1. Identify all residues within the stretch B:297-324 that are open to solvent by less than 10 Å² (accessible area, probe 1.4 Å) and acidic (Asp, Glu); write none if there are none.
2. Within the stretch B:72-87, track down each residue that is surrounded by fewer than 22 Cβ atoms within 10 Å (Cβ to Cβ) and either under 14 Å from B:Ala99 (Cα atoms) or touching a Ser or Thr at 6+ places or on another chain (Cβ under 6 Å) (or both).
3. Return the residues of the stretch B:301-353 that are of a type in the set (Ser, Thr, Tyr) and closer than 20 Å to B:Glu261 by Cα; say none if nothing qualifies.
4. Please list, ordered by first then second residue, the pairs with beta carbon atoms under 9 Å, 6 or more apart or interchain, first in the stretch A:46-68 and away from chain B (no Cβ under 14 Å) and near the ligand (Cβ under 9 Å from one of its atoms), second open to solvent by 30 Å² or more (accessible area, probe 1.4 Å) and among the small types (Gly, Ala, Ser).
5. Hey, A:Gln111 hits all of (1) open to solvent by 40 Å² or more (accessible area, probe 1.4 Å); (2) within 18 Å of A:Leu20 (Cα to Cα) but one; which does it fall short on?
6. Quick test for you: out of B:Ala127, B:Ala110, pick the one residue that is outside any helix (DSSP H, G or I) and open to solvent by less than 50 Å² (accessible area, probe 1.4 Å).
7. If you scan the stretch B:154-169, which residues turn out to be buried (at least 21 other Cβ atoms within 10 Å of the Cβ) and assigned to a helix (DSSP H, G or I)?
8. Which of the helices (runs of 4 or more DSSP H) contained wholly in the stretch B:172-282 include at least 1 residues that are among the basic types (Lys, Arg) and out of contact with any Cys (no Cβ under 6 Å at 6 or more places or on another chain)?
Amino acid sequence: MAGQDTSKDTKKGKEPLPFLRPGLFVAPLSSEETPHLIGSRCKLCGRVFFPKRTVCFDCKHLDTSTMEEVHLSLKGKLHTGLFVHAAPEGFKTPYAIGFIDLPEGVRVFSQLVGENLSDEVLTAGREAEMIIEKIREDEAGNDVVAYKFKVI
Amino acid sequence: MREVAVSGVSMTRFGKYMEKGLRELSAEVILGAANDAGIDLKDIQFASVGNSLAGLITGQESVRGQVILKEVGLGGIPVTNVENACATSSTAFFECWMAVASGYCDVALALGVEKLFCGDTARSNAALATCIDVDVEGRMGFSFLGWYAAEARSHMETYGTTQEQMAKVSVKSHKNGSLNPYAQYQKEVSIEEVLSSRPIAWPITLLMCAPIGDGAAAAILTSKDIARRHTSEPITIASSELTSGRILDCRRAESAGALTEMLAKKSYEKSGIGPEDLGVVELHDAFSPAEISIYEDLGLCNRGEGGRLVDEGKTEIGGTIPVNTSGGLAAKGHPVGATGIAMITEIVWQLRGLAGKRQVEPRPKVGLVQNGGGLVAGEYAADAIHILKR
Ligand SMILES: [Zn+2]
């Protein structure tokens with residue numbers, strides 16, 4: 001039958017799908033390195049994207065070499081921040097989420113952390129910095145580590 | 001393109017059906033819609049079957065439509081399987097409209113069906129959480145809720161809309177639902193009950209949220225000639241419009257104008273009908289605050305005046321432009337893949353004068369349905385507007 005997986009390694013087929021899409025961020029391997037989000041910049045118009053992509057939304061050029069990979073700024077400003085009291089599996093409620101505007105003109109969705117966070121603190125314009133931390137637990141109870149923004 | 005009639009409609013009551021599956025729910029409305037249209041099942045030349053989440057609930061990821069239609073012996077015709085999150089069955093309806101309008105066929109069946117109760121709430125919620133971009137949104141903790149709450153806050157900050165006005169929308173929905181035998185919830189609630197129900201994400205409280213549910217709805221679309229054999233006053237489709245969200249990359253509506261506003265303008269242009277001509281509207285109140293900004297998107301009032309429309313009672317049954325007479329998603333219920341055709345069913349019933357205790361008087365001549373689905377990068381993944389007239 002077309003499309004059937006004829007691989008003998010049936011055990012491998014039972015492993016869960018990778019939880020996170022690869023290529024979203026780089027976690028530091030030593031204390032000298034800093035984490036960063038991986039984006040793309042269009043060489044034609046300069047627009048920056050997150051996550052990285054093949055085609056610029058505006059120029060839609062067919063030559064993929066017009067897009068280059070870039071590291072995004074660590075710090076940005078909160079556009080929207082709010083607490084939610086209902087969540088997908090693996091997240092502990094209540095928790096804060098929001099959109100962060102980075103200087104490159106990119107808006108990133110992320111969980112928000114910080115000291116004494118409240119709906120009142122999460123106002124537009126607050127500075128926030130990207131960190132790498134546990135964001136939730138997977139179905140087996142393992143920590144999933146990815147990016148978050150810390151409200152300063 | 002030729003004119004297309006909605007010749008028959010049918011829906012199950014929305015709710016919890018632990019003893020019924022997709023096939024049983026679907027069979028009821030397929031037979032109901034065919035009876036309503038005065039056609040035989042063998043007259044159906046094309047079927048578009050909308051279901052959003054059964055693949056994740058039951059494991060029947062592929063060929064759902066064929067499996068479902070087998071229940072009523074429908075086969076040997078073109079069948080398409082359609083999925084567009086909450087706008088799934090509006091998309092099936094759109095496909096059928098294209099099939100009949102283009103002259104490809106004279107009789108088409110649009111079906112929407114969903115079964116979300118499966119005895120495992122986590123599974124239902126996990127399935128619903130796939131109506132967004134799971135990579136950079138869902139798995140990072142994003143949900144519809146966060147988006148709707150953020151939109152509601154922005155409306156409050158920009159226009160002074162209040163949480164009380166948002167609660168009034170929910171009160172209206174539940175009041176209308178109490179008059180609708182097809183609604184999941186048929187009980188009125190007070191403003192105080194809405195405001196004091198469990199906080200979900202400020203300003204949204206539990207009673208402002210559409211519940212999960214099961215149900216089905218079907219429509220038979222035909223050429224106007226065929227419709228005339230059965231009725232002297234066919235309900236026809238003045239416009240059928242579907243769009244995906246623009247690629248905003250989380251820049252959201254502020255830089256592009258609302259998607260629904262753009263689609264409404266296009267629908268009004270194509271149909272020659274304006275917002276002032278509408279007698280009844282069903283719109284996508286997945287969370288009650290959204291109803292207020294959709295009034296504005298549809299041009300029922302000026303930008304920023306949605307809250308006032310609620311205060312003045314203009315969108316109640318008996319108001320100048322009744323909205324969500326069915327009870328809306330909040331009270332009628334929201335079995336995702338069935339919602340769009342159920343909204344269309346309500347408008348057909350209103351235009352025919354068959355809406356019982358919630359009938360708008362005088363009987364409206366024109367009605368509009370707006371049904372949004374999914375979220376990608378800050379906008380609906382799919383948005384559909386249908387304008388029906390008699
Ligand atoms: Zn470009």
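1. Kept after step one, since they are open to solvent by less than 10 Å² (accessible area, probe 1.4 Å), are these residues of the stretch B:297-324: B:298, B:306-307, B:315, B:322-324.
Selection gives nothing.
2. Listed by number, the residues that qualify are B:Ile77, B:Pro78, B:Val79, B:Thr80.
3. The initial filter retains those residues of the stretch B:301-353 that are of a type in the set (Ser, Thr, Tyr), namely B:315, B:320, B:325-326, B:339, B:345.
Of everything in the stretch B:301-353, just one residue is of a type in the set (Ser, Thr, Tyr) and closer than 20 Å to B:Glu261 by Cα, namely B:Thr315.
4. Listed by first residue and then by second, the contacts come to A:Gly46/A:Gly105.
5. (1)
6. On the way: B:Ala127 fails: outside any helix (DSSP H, G or I).
Unique residue meeting the criteria: B:Ala110.
7. Hits for the stretch B:154-169 are B:His155, B:Gln165, B:Met166, B:Ala167, B:Lys168, B:Val169.
8. It comes to B:224-230, B:259-271.
The values are calculated or read from the model by the stated rules, or taken from the named source; none is laboratory data. This one's a predicted model, so the numbers in the text were calculated from it and none came from an experiment. Positions of Cβ are generated from backbone atoms using ideal geometry, with glycine treated the same way; all protein chains shown enter the neighbour counts. To get the accessible areas, we keep the full protein, side chains included, count just its heavy atoms, and leave off ligands, DNA and RNA. Shrake-Rupley method; radii C 1.70, N 1.55, O 1.52, S 1.80 Å.
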